[in-house]
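Trainee: One structure is given below, represented as structure tokens, and several questions about it will come after.
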Amino acid sequence: MDIQHIIKSVNVDTDGLRSAVHQLIHKSAVTFNPSHWKPEEANKLRKTILDQIVFQGTPLDWRTFPTKAETIDCIETDNGYQIEKLRLEVLPDFWIPALLYQPYLPRLHKPRPAVLSVNGHVGPLGKSIEFVQRRCINLAKRGITTLHLEWLYFGELTDPNYTHNRLAYLDLCGVSGLSVFYLAMRGGLDFLWEHPFVIKEKIAMTGLSGGGWQTIFLSALDQRITVAIPNAGYIDISNRLTHASDIGDLEQNPNDLLTVADYTHLTALLSPRPALLIYNHQDDCCFVADRAKPAIYDLVKSIYPTPNNFVFYKNISPGTHNYDEDNRKQLYHFLCKHFDLPMIQDGDLELESEVLPFEELVVGLPDKTANFKTIANKIMHQKKLEASQLPSKLQHILRYQSTSVSQVELTHQKGKGGQLIFDNGLLAAFCQFKPEGNTRDNDTIILIADQGFMSMVTEIENHLNMGNSVLAVELFLTGQVIPTGMSVSHTSMLLSTSGLRALGFQVAQLVSILHWYRYVYKSEELILESKGRVTGIIAQLAKQLYSGPLENNMAKDQLSSLQDLINKEIEYEQCPTLFCFDLLRYMSSKSSTG
């Protein structure tokens, strides 16, 4: 039997799968309707986002953790400002380096407006990258105190365990990884708010790309930000579904956000405070201006009580992903207008040789510093939960929705394989193999593998030689069953932010396939085998939800425990569906209770 030929002949409608995924997400995600927007409910929405999304599952003291600031050094200049080197402790032993650009004495002791400046994905230079220094220096020369924060995985925080998607280590433990990002930027705001020479009513926030995301997220949820100027930092879910470059990292697509608010809602939460939305005409990274304007600006402008306070600017020169002089010019104009400051000069002021190298702006971190892995390990090793404190039922963790096979499409010419279509529109691929010349009753093996059919060839051959029948299956997001134009990690991420769980769909498919095969082929008992990290966990979970007889599955290349994902520093992209919120606590509880 030419097993590989049969396998290669099985086709999957990945375009149809993409459409089904889009429909599931759109069905679960809220949509913004300006005619339904009620300003009096804005604070209620802020509280919901903070309670249910940002601080979901976090220890109570995280939310109220008092930011601690340490001054490390000060760079005196002859150019009208000084640069104070700071580090902020936003959680126990979790430090963020920062630079405070302050107008010089004698003006220093007069309260000034302030800007919270934040990084995007700027690489190893971090807070020392030139366009950021130019922005901060220009603001200081205009009499505006500016605090610029280092961002996780950049500059001084380049340890791999600050990688953004490793926030999934916390999600796996049932603690919102987004909360760390939120506390990091909120810590900067806390510092400015408590600074004796900052006018509390005049604190703005700005940043490019990931800095634009930080700006919209913190400004929407914390009204101490009185002027918001995000640059190319976000867009709505419809655009993220159709443009992979707009998706971003996990913090930008946190668990369940879209069940309560999309980024259009967050933009509306800026009202009535002044906001300048900067996007770029030919952005070579993400969030192209002509796509962002109808999705983000046009829908929100009608709810603004003072239309002149809500401005959209499309940068043409250079029009790429930038915070260069033209975009900085818009920043200066907008701040001077709303902070009642004189416009000294349209564009950048003369900087001479004031931009400093990375080494001169290093703040330094304490020897003992926390990161995503150390925080996750601390959570994992906390006292075992009492029975009354066990996590929610498996169905809730998986957002489990039972499904059934609604259609079988044979794509192999001899009917030995094809695709299974489920009533939720998702797909799985299958191949059937029976031993040749063997009419005796034999075992039926259901075989699943992370890498799909081609990785199962040896196992299929071995079972056929033993006289067993085999149903080889590629579940959703394994093998070739991946939506056209979408990666496994992006699909999983977008499902999770919509309140769904890709792992839940995978488990539901397997349970449905077991029921379907047992009914159609009158098989009283099935044997389940898995190969790989992901399918090993899928098999374990499916056994708990399948009501028919099922032999203990044999598993190859499986994880010894979900803790391996953290202990072995496995990246989110390698098995994204396993980083299911709170799954580790559930699995650990099941193990400890028998």
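The values are calculated or read from the model by the stated rules, or taken from the named source; none is laboratory data. Keep in mind it's a predicted model, so treat the numbers as computed, not measured. As a convention, Cβ positions derive from the backbone with ideal geometry for all residues, glycine included, and neighbour counts pool all protein chains shown. Keep in mind that these areas ignore ligands, DNA and RNA; they rest on the heavy atoms of the full protein, side chains included. Shrake-Rupley method; radii C 1.70, N 1.55, O 1.52, S 1.80 Å.
Trainee: Kindly indicate whether any position in segment 43-59 is closer than 27 Å to LEU100 by Cβ, in a strand (DSSP E or B), of a type in the set (A, V, I, L, M) and in contact with a helix residue (DSSP H, G or I) (Cβ under 8 Å, 6 or more places away or on another chain).
Mentor: No, segment 43-59 contains no residue that is closer than 27 Å to LEU100 by Cβ, in a strand (DSSP E or B), of a type in the set (A, V, I, L, M) and in contact with a helix residue (DSSP H, G or I) (Cβ under 8 Å, 6 or more places away or on another chain).
Trainee: Another question, then. Among the residues of segment 455-483, how many are open to solvent by 10 Å² or more (accessible area, probe 1.4 Å) and of a type in the set (Val, Ile, Thr)?
Mentor: 3
Trainee: A further question on this structure: Output the number of residues of segment 280-320 satisfying the condition of being more than 20 Å from ASN33 (Cα to Cα) and in a loop (DSSP other than H, G, I, E, B).
Mentor: Looking only at that region, the number is 12.
Trainee: Taking the conditions exactly as written (touching a residue at least 60 places away in the same chain (Cβ under 8 Å), open to solvent by 10 Å² or more (accessible area, probe 1.4 Å) and in a loop (DSSP other than H, G, I, E, B)), does ASN442 satisfy them or not?
Mentor: On the way: touching a residue at least 60 places away in the same chain (Cβ under 8 Å): no; open to solvent by 10 Å² or more (accessible area, probe 1.4 Å): yes; in a loop (DSSP other than H, G, I, E, B): yes.
It is false that ASN442 is touching a residue at least 60 places away in the same chain (Cβ under 8 Å), open to solvent by 10 Å² or more (accessible area, probe 1.4 Å) and in a loop (DSSP other than H, G, I, E, B).
Trainee: Where the second residue is open to solvent by 10 Å² or more (accessible area, probe 1.4 Å) and assigned to a strand (DSSP E or B) and the first is touching a residue at least 40 places away in the same chain (Cβ under 8 Å) and more than 11 Å from THR369 (Cα to Cα) and lies in segment 88-105, which pairs have Cβ atoms under 6 Å and are six or more apart or on separate chains?
Mentor: So the pair list comes out as LEU88/ALA69; PRO97/ARG87; LEU100/GLU84; GLN102/GLN82.
Trainee: Which of the residues belonging to segment 62-72 are surrounded by 13 or more Cβ atoms within 10 Å (Cβ to Cβ) and either free of Cβ contacts under 8 Å to residues at least 24 places away in the same chain or among the charged types (D, E, K, R) (or both)?
Mentor: ARG63, LYS68, GLU70
Trainee: Let me ask something additional. Report, ordered by the first and then the second residue, all pairs with beta carbons closer than 7 Å, sequence separation of six or more or different chains, a first member in segment 240-257 that is in a helix (DSSP H, G or I), and a second member that is of a type in the set (Gly, Ala, Ser) and open to solvent by less than 20 Å² (accessible area, probe 1.4 Å).
Mentor: Note: pairs meeting the criteria are LEU250/ALA168; LEU250/GLY177.
Trainee: Still on this structure: Out of MET554, MET587, which single residue is under 30 Å from ALA29 (Cα atoms), out of contact with any Gly (no Cβ under 7 Å at 6 or more places or on another chain) and either surrounded by 15 or more Cβ atoms within 10 Å (Cβ to Cβ) or without any contact (Cβ under 8 Å) to a residue 60 or more places away in the chain (or both)?
Mentor: MET587
Trainee: Output the residues belonging to segment 327-348 that are surrounded by 16 or more Cβ atoms within 10 Å (Cβ to Cβ) and more than 37 Å from the chain's Cα centre (by Cα).
Mentor: The answer is LEU341, and nothing else.
Trainee: I'd like to check something: does segment 225-237 contain any residue that is among the hydrophobic types (A, V, I, L, M, F, W, C), over 21 Å from the mean Cα position of the chain (by Cα) and in a loop (DSSP other than H, G, I, E, B)?
Mentor: For segment 225-237, residues among the hydrophobic types (A, V, I, L, M, F, W, C), over 21 Å from the mean Cα position of the chain (by Cα) and in a loop (DSSP other than H, G, I, E, B): present.
Trainee: Anything in segment 271-310 that is hydrophobic (A, V, I, L, M, F, W, C) and open to solvent by 50 Å² or more (accessible area, probe 1.4 Å)? List them, or say none.
Mentor: Within segment 271-310, the first condition is being hydrophobic (A, V, I, L, M, F, W, C), and the residues that meet it are 275-278, 285-289, 292, 295-296, 299-300, 303, 310.
Matches in segment 271-310: CYS285, LEU299.
Trainee: If you don't mind, another one. Determine which single condition ALA428 fails, assuming it passes every other condition in (1) under 26 Å from ARG18 (Cβ atoms); (2) part of a loop (DSSP other than H, G, I, E, B); (3) modelled with pLDDT of 90 or more; (4) open to solvent by less than 80 Å² (accessible area, probe 1.4 Å).
Mentor: That leaves (2) as the condition not met.
Trainee: Identify the residue in segment 193-224 that is assigned to a loop (DSSP other than H, G, I, E, B) and under 22 Å from the mean Cα position of the chain (by Cα) and, among all such residues, is farthest from PRO66 (Cα to Cα).
Mentor: SER209
Trainee: Could you tell me whether segment 520-542 includes any residue that is under 21 Å from the mean Cα position of the chain (by Cα) and under 20 Å from PHE453 (Cα atoms)?
Mentor: Filtering segment 520-542 down to residues under 21 Å from the mean Cα position of the chain (by Cα) leaves 534.
Now restrict to residues that are under 20 Å from PHE453 (Cα atoms): 534.
Checked segment 520-542: at least one residue is under 21 Å from the mean Cα position of the chain (by Cα) and under 20 Å from PHE453 (Cα atoms).
Trainee: Does at least one position in segment 397-414 carry a residue that is of a type outside the set (A, V, I, L, M), modelled with pLDDT under 95, farther than 23 Å from SER496 by Cα and open to solvent by less than 30 Å² (accessible area, probe 1.4 Å)?
Mentor: yes
Trainee: If you don't mind, there's one more thing I want to ask. Can you name the residue in segment 1-18 that is closer than 20 Å to PHE476 by Cα, open to solvent by 20 Å² or more (accessible area, probe 1.4 Å) and assigned to a helix (DSSP H, G or I) and, of all such residues, is modelled with the lowest pLDDT?
Mentor: Among residues in segment 1-18 that are closer than 20 Å to PHE476 by Cα, open to solvent by 20 Å² or more (accessible area, probe 1.4 Å) and assigned to a helix (DSSP H, G or I), the one modelled with the lowest pLDDT is LYS8.
Trainee: Right, something else. Looking at SER317 and the list (1) crowded, with 16+ Cβ neighbours inside 10 Å; (2) over 28 Å from the mean Cα position of the chain (by Cα); (3) not hydrophobic (A, V, I, L, M, F, W, C), which single condition is not satisfied?
Mentor: So the condition that SER317 fails would be (1).
Trainee: With the requirement that a residue be among the acidic types (Asp, Glu) and open to solvent by less than 20 Å² (accessible area, probe 1.4 Å), what does segment 19-61 give you?
Mentor: Listed by number, the list is empty, since nothing qualifies.
Trainee: Something else about it: Among the residues of segment 98-118, is there at least one that is aromatic (Phe, Trp, Tyr) and either under 23 Å from the mean Cα position of the chain (by Cα) or assigned to a loop (DSSP other than H, G, I, E, B) (or both)?
Mentor: yes
Trainee: So ASP249 ticks every box in (1) open to solvent by 20 Å² or more (accessible area, probe 1.4 Å); (2) more than 14 Å from the chain's Cα centre (by Cα); (3) not small (Gly, Ala, Ser) but one. Which box is left unticked?
Mentor: Answer for ASP249: the failing condition is (2).
Trainee: While we're here: Looking at segment 73-87, which of its residues are outside any strand (DSSP E or B) and either open to solvent by less than 10 Å² (accessible area, probe 1.4 Å) or without any contact (Cβ under 8 Å) to a residue 40 or more places away in the chain (or both)?
Mentor: ASP78
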